[in-house]
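Right, one structure below, let's go through it.
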Amino acid sequence: MHIKHAVSDDALTIAQCFVDSGLSSDIHKAEEMIVDEFNTPHHHYLTAHIDSTGHDIMWVISRKKHYRRDHGLAELTYLAVSPHHQWQWIAQQLFHVLEWDIHTTYQKHNHNLRKLFLYTNEDNIRAQTFYQKMWMQKEALMPHHFGDGRMECVYGKYY
């Protein structure tokens, strides 16, 4: 398995992983969103591949720094695992790599990660179960947060 920081040239491959995992239904909209996020200075993607060619993405995770680094906040924005690789403990490995990557980035700037947080749909029991296994706790329930009528759960992990 090869883990790397993704670059903008990876946008279409990441978008395909989003579609394959059910995170998005439109590859072109997903690619456009990803390209926009690569142009945002505080948004980072990590990808895992079967080999170093980068053609077969097993999983994608993204995060962004919130506000000032000295606040110690980071948001997990996407976690997508290709259906061919689900149920192989890959998501757990990816989550730990994400934590290490955030801690390392913050420490380079003489700051510490204080809290990692995320939003997930209240109906997504599978995701909530996973986040709880990663020692995240449900902190809030937010009605209509994204304007689509769904309830969103906020999960957080303090360090």
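Looking at segment 103-120, which of the residues that are in contact with a strand residue (DSSP E or B) (Cβ under 9 Å, 6 or more places away or on another chain) and modelled with pLDDT under 90 is nearest to Y159 (Cα to Cα)?
Top of the filtered list is Y106.
Between a residue in segment 144-159 that is in a loop (DSSP other than H, G, I, E, B) and any residue that is at pLDDT below 95, which pairs come within a Cβ distance under 6 Å, given they are 6 or more apart or on different chains?
H145/E152; R150/N121; Y159/L113
Among the residues of segment 1-41, what is the count of those that are surrounded by fewer than 19 Cβ atoms within 10 Å (Cβ to Cβ) and of a type in the set (G, A, S)?
Here the count works out to 3.
The values are calculated or read from the model by the stated rules, or taken from the named source; none is laboratory data. From a predicted model like this one, the values you see are computed outputs, not experimental measurements. Cβ sites come from the backbone with ideal geometry, for glycine too, and all protein chains shown count toward neighbours.
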